[in-house]
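Read the structure below first, then the notes.
The values are calculated or read from the model by the stated rules, or taken from the named source; none is laboratory data. All of these numbers come straight from a predicted model, not from anything done at the bench. Here Cβ is always computed from backbone atoms with ideal geometry, including for glycine, and neighbour counts include all displayed protein chains.
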Amino acid sequence: MSYFTHLDCSSGCGAGPFDPRERHFLCPSCGLPLLARYDLKAARAWKKETLAGREPNMWRYREMMPLLPGDVPITLGEGFTPLLHAKRLGGALGLERLFIKDESLNPTNSFKARGQSAAVTRAKALGATTIALPSAGNAGNAAAAYSAAAGLKCEVFLPRDAKQPFIDECRLYGARVTLVDGLITDAGKLTAETGKPLGWYDVSTMKEPYRVEGKKTMGYELAEQFGWTLPDWIVYPTGGGTGLIGMWKAFAEMEAIGWLSSGQRPKMVTVQAEGCAPIVRAFEQGAERAATWENAHTAADGLRVPRAIGDFLILKAIRESGGTAVAVSDATMVQDMLAIGSLEGVSAAPEGGAALSAIRHLVTTGRIKPHETVVLFNTGGAMKYFDVLR
Ligand SMILES: Cc1ncc(COP(=O)(O)O)c(C=O)c1O
(Lines give C-alpha, C1' and ligand atoms only; values in the text may rest on other atoms or scores of the structure.)
Protein backbone atom coordinates (compact mmCIF):
# COMPACT_ATOMS: atom_id res chain seq x y z
CA MET A 1 0.00 0.00 0.00
CA SER A 2 1.28 3.47 -0.90
CA TYR A 3 0.42 6.94 0.39
CA PHE A 4 0.61 8.34 -3.17
CA THR A 5 -2.23 10.81 -3.74
CA HIS A 6 -1.65 13.28 -6.58
CA LEU A 7 0.76 15.37 -8.65
CA ASP A 8 1.37 19.08 -8.42
CA CYS A 9 3.68 21.65 -9.96
CA SER A 10 7.23 21.93 -8.61
CA SER A 11 7.46 25.62 -9.49
CA GLY A 12 4.88 26.79 -6.96
CA CYS A 13 2.70 28.20 -9.77
CA GLY A 14 -0.27 26.73 -7.95
CA ALA A 15 -1.47 24.44 -10.74
CA GLY A 16 -2.94 21.11 -9.68
CA PRO A 17 -3.66 18.83 -8.04
CA PHE A 18 -3.44 16.46 -11.00
CA ASP A 19 -4.97 12.98 -11.01
CA PRO A 20 -2.27 10.29 -11.27
CA ARG A 21 -4.72 7.90 -12.95
CA GLU A 22 -4.23 10.04 -16.06
CA ARG A 23 -1.06 10.73 -18.08
CA HIS A 24 0.69 13.93 -17.07
CA PHE A 25 3.97 15.35 -18.24
CA LEU A 26 4.99 19.03 -17.76
CA CYS A 27 2.72 21.48 -15.94
CA PRO A 28 0.01 22.63 -18.36
CA SER A 29 0.10 26.06 -16.77
CA CYS A 30 3.81 27.00 -16.54
CA GLY A 31 5.57 24.21 -18.48
CA LEU A 32 7.79 23.14 -15.56
CA PRO A 33 8.09 19.66 -13.97
CA LEU A 34 5.29 18.07 -11.94
CA LEU A 35 6.11 16.10 -8.80
CA ALA A 36 4.39 13.19 -7.05
CA ARG A 37 2.84 13.95 -3.67
CA TYR A 38 1.88 11.67 -0.79
CA ASP A 39 -0.41 11.89 2.21
CA LEU A 40 2.45 12.65 4.58
CA LYS A 41 0.19 12.97 7.61
CA ALA A 42 -1.20 9.47 7.16
CA ALA A 43 2.29 8.19 6.30
CA ARG A 44 3.42 8.96 9.86
CA ALA A 45 1.81 5.61 10.66
CA TRP A 46 4.46 3.89 8.49
CA LYS A 47 7.29 2.66 10.72
CA LYS A 48 10.92 2.02 9.75
CA GLU A 49 10.72 -1.35 11.47
CA THR A 50 8.52 -2.65 8.64
CA LEU A 51 11.60 -2.55 6.39
CA ALA A 52 13.25 -5.46 8.20
CA GLY A 53 13.00 -8.57 6.06
CA ARG A 54 11.91 -6.79 2.90
CA GLU A 55 13.63 -7.49 -0.42
CA PRO A 56 16.85 -5.47 -0.84
CA ASN A 57 15.63 -3.34 -3.73
CA MET A 58 14.21 0.16 -4.07
CA TRP A 59 10.60 -1.02 -3.80
CA ARG A 60 11.17 -1.70 -0.10
CA TYR A 61 10.08 1.95 0.26
CA ARG A 62 6.85 1.25 -1.64
CA GLU A 63 4.68 3.19 0.82
CA MET A 64 6.36 6.31 -0.52
CA MET A 65 6.48 5.25 -4.16
CA PRO A 66 4.05 6.17 -6.97
CA LEU A 67 1.87 3.07 -6.82
CA LEU A 68 -1.91 2.98 -6.99
CA PRO A 69 -4.03 0.04 -5.80
CA GLY A 70 -3.44 -2.97 -8.05
CA ASP A 71 -0.19 -1.64 -9.58
CA VAL A 72 2.67 -4.10 -9.85
CA PRO A 73 6.24 -2.70 -9.90
CA ILE A 74 8.35 -3.54 -12.96
CA THR A 75 11.52 -4.56 -11.22
CA LEU A 76 14.88 -6.09 -12.13
CA GLY A 77 16.21 -5.87 -8.57
CA GLU A 78 17.37 -2.23 -8.77
CA GLY A 79 18.52 -0.34 -5.69
CA PHE A 80 19.90 -1.20 -2.28
CA THR A 81 23.37 -0.83 -3.75
CA PRO A 82 26.44 -1.07 -1.51
CA LEU A 83 27.60 1.86 0.59
CA LEU A 84 31.32 1.15 0.78
CA HIS A 85 33.67 2.69 3.34
CA ALA A 86 36.47 3.75 0.95
CA LYS A 87 39.34 3.55 3.42
CA ARG A 88 42.24 3.45 0.96
CA LEU A 89 40.91 6.28 -1.19
CA GLY A 90 39.90 8.24 1.91
CA GLY A 91 43.41 7.70 3.33
CA ALA A 92 44.96 9.11 0.17
CA LEU A 93 42.77 12.21 0.47
CA GLY A 94 43.08 12.61 4.25
CA LEU A 95 39.42 11.71 4.86
CA GLU A 96 38.47 9.27 7.61
CA ARG A 97 34.93 8.75 6.46
CA LEU A 98 34.71 8.67 2.69
CA PHE A 99 31.99 6.37 1.37
CA ILE A 100 31.17 5.29 -2.17
CA LYS A 101 27.53 4.67 -3.02
CA ASP A 102 28.15 2.20 -5.80
CA GLU A 103 25.33 2.59 -8.30
CA SER A 104 27.27 0.66 -10.95
CA LEU A 105 25.80 -2.53 -9.45
CA ASN A 106 22.30 -1.71 -10.63
CA PRO A 107 20.72 -3.53 -13.59
CA THR A 108 22.21 -2.10 -16.82
CA ASN A 109 25.15 -0.77 -14.80
CA SER A 110 23.90 2.62 -13.61
CA PHE A 111 21.56 4.53 -11.29
CA LYS A 112 19.28 5.13 -14.29
CA ALA A 113 17.71 1.75 -13.48
CA ARG A 114 15.92 3.29 -10.49
CA GLY A 115 14.28 6.06 -12.49
CA GLN A 116 13.24 3.79 -15.32
CA SER A 117 11.84 1.14 -12.99
CA ALA A 118 9.50 3.76 -11.52
CA ALA A 119 8.69 5.48 -14.84
CA VAL A 120 7.99 2.26 -16.76
CA THR A 121 5.88 0.96 -13.87
CA ARG A 122 3.61 4.02 -14.14
CA ALA A 123 3.66 3.99 -17.94
CA LYS A 124 2.49 0.38 -17.99
CA ALA A 125 -0.20 1.11 -15.41
CA LEU A 126 -1.37 4.02 -17.55
CA GLY A 127 -1.76 1.80 -20.61
CA ALA A 128 1.30 2.93 -22.58
CA THR A 129 2.48 0.64 -25.36
CA THR A 130 5.66 2.47 -26.45
CA ILE A 131 8.24 4.15 -24.20
CA ALA A 132 10.38 6.86 -25.83
CA LEU A 133 13.25 9.01 -24.63
CA PRO A 134 16.38 10.92 -25.56
CA SER A 135 19.45 9.68 -23.74
CA ALA A 136 23.18 10.07 -23.35
CA GLY A 137 23.31 6.27 -23.13
CA ASN A 138 22.68 4.90 -19.66
CA ALA A 139 19.07 6.08 -19.39
CA GLY A 140 18.35 4.56 -22.80
CA ASN A 141 19.83 1.23 -21.73
CA ALA A 142 17.74 1.22 -18.56
CA ALA A 143 14.54 2.25 -20.37
CA ALA A 144 15.11 -0.48 -22.95
CA ALA A 145 15.59 -3.13 -20.25
CA TYR A 146 12.55 -2.14 -18.18
CA SER A 147 10.40 -1.81 -21.29
CA ALA A 148 11.40 -5.35 -22.25
CA ALA A 149 10.54 -6.59 -18.77
CA ALA A 150 7.16 -4.83 -19.00
CA GLY A 151 6.42 -6.11 -22.51
CA LEU A 152 6.46 -2.59 -24.00
CA LYS A 153 8.18 -1.25 -27.11
CA CYS A 154 11.03 1.21 -26.61
CA GLU A 155 12.36 4.00 -28.86
CA VAL A 156 15.71 5.49 -27.84
CA PHE A 157 17.10 8.68 -29.41
CA LEU A 158 20.87 8.99 -28.89
CA PRO A 159 23.36 11.60 -30.12
CA ARG A 160 25.08 10.24 -33.23
CA ASP A 161 28.44 10.16 -31.42
CA ALA A 162 27.09 7.97 -28.58
CA LYS A 163 29.47 5.22 -27.57
CA GLN A 164 28.88 1.89 -29.34
CA PRO A 165 28.22 -0.13 -26.13
CA PHE A 166 25.25 2.12 -25.34
CA ILE A 167 23.81 1.59 -28.82
CA ASP A 168 24.42 -2.17 -28.69
CA GLU A 169 22.86 -2.57 -25.27
CA CYS A 170 19.64 -0.78 -26.27
CA ARG A 171 19.34 -3.24 -29.15
CA LEU A 172 20.09 -6.19 -26.85
CA TYR A 173 16.86 -5.39 -25.01
CA GLY A 174 14.91 -5.08 -28.24
CA ALA A 175 14.71 -1.27 -28.38
CA ARG A 176 14.89 0.70 -31.62
CA VAL A 177 17.72 3.24 -31.70
CA THR A 178 17.63 6.49 -33.67
CA LEU A 179 20.91 8.39 -33.93
CA VAL A 180 20.48 12.15 -33.94
CA ASP A 181 22.84 14.89 -35.15
CA GLY A 182 23.61 17.07 -32.15
CA LEU A 183 23.30 16.75 -28.39
CA ILE A 184 20.76 15.21 -26.00
CA THR A 185 18.64 18.38 -26.23
CA ASP A 186 18.36 17.87 -30.02
CA ALA A 187 17.51 14.21 -29.42
CA GLY A 188 14.82 15.37 -26.98
CA LYS A 189 13.22 17.62 -29.61
CA LEU A 190 13.12 14.79 -32.14
CA THR A 191 11.69 12.34 -29.58
CA ALA A 192 8.82 14.74 -28.85
CA GLU A 193 8.16 15.60 -32.51
CA THR A 194 8.17 11.96 -33.61
CA GLY A 195 6.41 10.45 -30.62
CA LYS A 196 3.62 12.89 -29.90
CA PRO A 197 1.44 12.08 -32.92
CA LEU A 198 2.06 8.36 -32.32
CA GLY A 199 1.06 8.44 -28.64
CA TRP A 200 4.48 7.35 -27.37
CA TYR A 201 4.95 7.71 -23.63
CA ASP A 202 7.87 10.15 -23.30
CA VAL A 203 10.09 9.48 -20.28
CA SER A 204 12.54 12.36 -20.86
CA THR A 205 14.35 13.50 -17.69
CA MET A 206 12.03 15.57 -15.47
CA LYS A 207 9.45 15.86 -18.27
CA GLU A 208 7.52 12.99 -16.72
CA PRO A 209 7.12 12.99 -12.94
CA TYR A 210 8.19 9.46 -11.96
CA ARG A 211 11.87 8.99 -12.75
CA VAL A 212 12.62 11.33 -9.88
CA GLU A 213 10.58 9.07 -7.58
CA GLY A 214 12.82 6.13 -8.45
CA LYS A 215 15.96 8.21 -7.97
CA LYS A 216 14.79 9.54 -4.62
CA THR A 217 15.19 6.05 -3.17
CA MET A 218 18.94 6.78 -3.10
CA GLY A 219 18.10 9.22 -0.30
CA TYR A 220 16.00 6.68 1.63
CA GLU A 221 18.74 4.11 1.24
CA LEU A 222 21.51 6.39 2.45
CA ALA A 223 19.49 7.16 5.59
CA GLU A 224 18.79 3.47 6.20
CA GLN A 225 22.38 2.40 5.50
CA PHE A 226 23.77 5.11 7.81
CA GLY A 227 21.39 3.98 10.62
CA TRP A 228 18.92 6.86 10.12
CA THR A 229 21.49 9.61 10.07
CA LEU A 230 22.78 11.42 6.99
CA PRO A 231 26.33 12.26 5.88
CA ASP A 232 27.80 15.77 5.96
CA TRP A 233 28.30 15.87 2.19
CA ILE A 234 26.77 14.26 -0.88
CA VAL A 235 28.85 14.73 -4.01
CA TYR A 236 26.82 14.03 -7.10
CA PRO A 237 27.61 14.20 -10.83
CA THR A 238 24.79 16.22 -12.35
CA GLY A 239 23.32 16.34 -15.84
CA GLY A 240 19.54 16.70 -15.68
CA GLY A 241 19.82 16.45 -11.89
CA THR A 242 17.05 13.91 -11.23
CA GLY A 243 18.97 12.16 -8.46
CA LEU A 244 19.89 15.32 -6.61
CA ILE A 245 16.34 16.66 -6.83
CA GLY A 246 15.02 13.25 -5.81
CA MET A 247 17.27 12.87 -2.77
CA TRP A 248 16.39 16.36 -1.56
CA LYS A 249 12.70 15.41 -1.86
CA ALA A 250 13.35 12.16 0.02
CA PHE A 251 14.96 14.02 2.92
CA ALA A 252 11.94 16.35 3.17
CA GLU A 253 9.56 13.37 3.10
CA MET A 254 11.50 11.50 5.78
CA GLU A 255 11.43 14.59 7.99
CA ALA A 256 7.68 14.96 7.42
CA ILE A 257 6.93 11.37 8.40
CA GLY A 258 9.18 11.54 11.46
CA TRP A 259 12.01 9.28 10.23
CA LEU A 260 14.65 12.01 10.36
CA SER A 261 14.86 15.14 12.49
CA SER A 262 15.31 18.46 10.73
CA GLY A 263 18.81 19.93 10.71
CA GLN A 264 20.36 16.58 9.69
CA ARG A 265 20.50 17.21 5.96
CA PRO A 266 23.77 16.95 4.04
CA LYS A 267 25.39 19.66 1.97
CA MET A 268 24.63 18.81 -1.67
CA VAL A 269 27.40 19.23 -4.25
CA THR A 270 26.69 19.31 -7.97
CA VAL A 271 29.62 18.15 -10.09
CA GLN A 272 29.82 19.01 -13.78
CA ALA A 273 32.47 18.99 -16.49
CA GLU A 274 34.40 22.15 -17.42
CA GLY A 275 33.16 21.67 -20.99
CA CYS A 276 29.49 21.68 -19.91
CA ALA A 277 28.78 23.37 -16.58
CA PRO A 278 25.50 25.31 -16.81
CA ILE A 279 24.49 24.64 -13.19
CA VAL A 280 27.93 25.56 -11.83
CA ARG A 281 27.87 28.84 -13.76
CA ALA A 282 24.34 29.68 -12.59
CA PHE A 283 25.27 28.82 -9.00
CA GLU A 284 28.28 31.12 -9.13
CA GLN A 285 26.23 33.92 -10.69
CA GLY A 286 23.50 33.60 -8.04
CA ALA A 287 20.95 32.89 -10.79
CA GLU A 288 17.74 30.91 -10.27
CA ARG A 289 17.72 29.38 -13.74
CA ALA A 290 20.69 28.10 -15.78
CA ALA A 291 21.21 29.42 -19.31
CA THR A 292 21.99 26.91 -22.08
CA TRP A 293 25.69 25.99 -22.29
CA GLU A 294 26.97 26.46 -25.83
CA ASN A 295 29.30 23.93 -27.51
CA ALA A 296 28.95 21.38 -24.73
CA HIS A 297 31.70 18.76 -24.71
CA THR A 298 33.01 16.21 -22.20
CA ALA A 299 34.07 12.56 -22.01
CA ALA A 300 31.38 12.05 -19.36
CA ASP A 301 28.42 11.53 -21.69
CA GLY A 302 25.92 11.79 -18.83
CA LEU A 303 27.19 15.28 -17.98
CA ARG A 304 26.85 16.57 -21.55
CA VAL A 305 23.50 18.18 -20.80
CA PRO A 306 23.55 21.83 -21.93
CA ARG A 307 20.19 22.67 -20.39
CA ALA A 308 18.22 21.05 -17.56
CA ILE A 309 14.51 21.67 -17.20
CA GLY A 310 14.78 21.07 -13.44
CA ASP A 311 17.64 23.59 -13.11
CA PHE A 312 15.81 25.73 -10.54
CA LEU A 313 15.17 22.67 -8.35
CA ILE A 314 18.84 21.65 -8.47
CA LEU A 315 19.99 25.19 -7.63
CA LYS A 316 17.46 25.46 -4.80
CA ALA A 317 18.61 22.18 -3.25
CA ILE A 318 22.28 23.16 -3.43
CA ARG A 319 21.60 26.55 -1.84
CA GLU A 320 19.17 25.35 0.84
CA SER A 321 21.68 22.70 1.85
CA GLY A 322 24.65 25.09 2.09
CA GLY A 323 26.39 23.05 -0.58
CA THR A 324 28.23 24.08 -3.72
CA ALA A 325 28.80 23.36 -7.40
CA VAL A 326 32.14 22.35 -8.90
CA ALA A 327 33.35 21.94 -12.49
CA VAL A 328 36.23 19.52 -13.18
CA SER A 329 38.34 18.82 -16.25
CA ASP A 330 38.04 15.69 -18.36
CA ALA A 331 41.71 14.84 -17.73
CA THR A 332 41.16 14.87 -13.96
CA MET A 333 37.96 12.83 -14.05
CA VAL A 334 39.59 10.12 -16.15
CA GLN A 335 42.57 9.97 -13.76
CA ASP A 336 40.08 9.66 -10.92
CA MET A 337 38.23 6.76 -12.59
CA LEU A 338 41.58 5.01 -12.33
CA ALA A 339 42.05 6.10 -8.72
CA ILE A 340 38.66 4.65 -7.71
CA GLY A 341 39.40 1.46 -9.61
CA SER A 342 42.94 0.93 -8.41
CA LEU A 343 42.44 1.92 -4.78
CA GLU A 344 38.97 0.52 -4.12
CA GLY A 345 38.27 -2.12 -6.78
CA VAL A 346 35.18 -0.20 -7.85
CA SER A 347 34.28 0.26 -11.50
CA ALA A 348 33.58 3.96 -12.04
CA ALA A 349 32.25 5.81 -15.06
CA PRO A 350 33.88 9.19 -15.82
CA GLU A 351 30.91 10.72 -13.95
CA GLY A 352 32.01 8.85 -10.79
CA GLY A 353 35.59 9.95 -11.47
CA ALA A 354 34.32 13.53 -11.69
CA ALA A 355 32.77 13.23 -8.23
CA LEU A 356 36.15 12.18 -6.84
CA SER A 357 37.85 15.12 -8.58
CA ALA A 358 35.34 17.47 -6.94
CA ILE A 359 35.96 15.94 -3.50
CA ARG A 360 39.71 16.34 -4.00
CA HIS A 361 39.15 20.01 -4.84
CA LEU A 362 36.90 20.60 -1.81
CA VAL A 363 39.37 18.89 0.54
CA THR A 364 42.35 20.84 -0.85
CA THR A 365 40.52 24.15 -0.50
CA GLY A 366 39.56 23.31 3.10
CA ARG A 367 35.82 23.20 2.45
CA ILE A 368 35.50 19.51 3.38
CA LYS A 369 37.13 18.78 6.76
CA PRO A 370 39.07 15.54 7.47
CA HIS A 371 36.58 14.21 10.04
CA GLU A 372 33.45 14.85 7.93
CA THR A 373 31.37 12.06 6.39
CA VAL A 374 31.40 12.30 2.61
CA VAL A 375 29.44 10.23 0.08
CA LEU A 376 30.76 9.95 -3.45
CA PHE A 377 28.03 8.89 -5.87
CA ASN A 378 29.44 6.46 -8.40
CA THR A 379 26.46 6.76 -10.72
CA GLY A 380 27.61 4.18 -13.25
CA GLY A 381 30.28 1.62 -14.09
CA ALA A 382 33.35 1.98 -16.33
CA MET A 383 32.51 -0.88 -18.69
CA LYS A 384 30.77 1.15 -21.41
CA TYR A 385 33.41 3.89 -21.29
CA PHE A 386 36.66 1.96 -21.67
CA ASP A 387 37.46 3.98 -24.79
CA VAL A 388 38.18 7.03 -22.63
CA LEU A 389 40.80 5.04 -20.72
CA ARG A 390 42.36 3.72 -23.92
C1 LIG B 1 26.77 7.60 -15.26
C2 LIG B 1 25.92 8.85 -15.23
N3 LIG B 1 26.12 9.71 -14.21
C4 LIG B 1 25.39 10.86 -14.13
C5 LIG B 1 24.45 11.20 -15.07
C6 LIG B 1 23.65 12.46 -14.90
O7 LIG B 1 22.39 12.10 -14.43
P8 LIG B 1 21.21 13.14 -14.31
O9 LIG B 1 20.86 13.53 -15.71
O10 LIG B 1 20.10 12.42 -13.60
O11 LIG B 1 21.73 14.30 -13.51
C12 LIG B 1 24.21 10.33 -16.14
C13 LIG B 1 23.19 10.65 -17.17
O14 LIG B 1 23.18 10.14 -18.24
C15 LIG B 1 24.96 9.11 -16.21
O16 LIG B 1 24.76 8.24 -17.22
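One table, with the values for the structure above:
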item	result
Residues within segment 122-136 that are small (Gly, Ala, Ser) and within 11 Å of the ligand (Cβ to nearest atom), tallied	2
Residue within segment 290-308 that is acidic (Asp, Glu), surrounded by fewer than 21 Cβ atoms within 10 Å (Cβ to Cβ) and touching a residue at least 12 places away in the same chain (Cβ under 8 Å) present	yes
Qualifying positions in segment 55-110 - without any contact (Cβ under 8 Å) to a residue 24 or more places away in the chain and among the polar types (S, T, N, Q)	Asn57
Residue match in segment 332-340 (condition: out of contact with any Gly (no Cβ under 9 Å at 6 or more places or on another chain), at pLDDT 95 or above and not basic (Lys, Arg))	no
Qualifying positions in segment 102-131 - surrounded by fewer than 24 Cβ atoms within 10 Å (Cβ to Cβ) and more than 18 Å from Ala175 (Cα to Cα)	Ser104, Leu105, Ala125, Leu126, Gly127
Filtered residues of segment 95-121 (kept if away from the ligand (no atom under 11 Å from the Cβ) and either closer than 20 Å to Pro266 by Cα or modelled with pLDDT under 95 (or both))	Leu95, Glu96, Arg97, Leu98, Phe99, Ile100, Lys101, Asp102
Residue count, segment 337-377 (criterion: of a type in the set (S, T, N, Q), under 18 Å from Thr270 (Cα atoms) and not in a helix (DSSP H, G or I))	2
Selection within segment 301-312 - within 7 Å of the ligand (Cβ to nearest atom) and not acidic (Asp, Glu)	Gly302, Leu303, Val305
Residue match in segment 361-382 (condition: within 16 Å of the ligand (Cβ to nearest atom), surrounded by fewer than 24 Cβ atoms within 10 Å (Cβ to Cβ) and closer than 18 Å to Gly239 by Cβ)	yes
Qualifying residue in segment 63-72 (condition: hydrophobic (A, V, I, L, M, F, W, C), within 16 Å of the ligand (Cβ to nearest atom), over 18 Å from Ala175 (Cα atoms) and buried (at least 24 other Cβ atoms within 10 Å of the Cβ))	no
Ala36, sole failed condition from (1) surrounded by fewer than 21 Cβ atoms within 10 Å (Cβ to Cβ); (2) more than 16 Å from the ligand (Cβ to nearest atom)	(1)
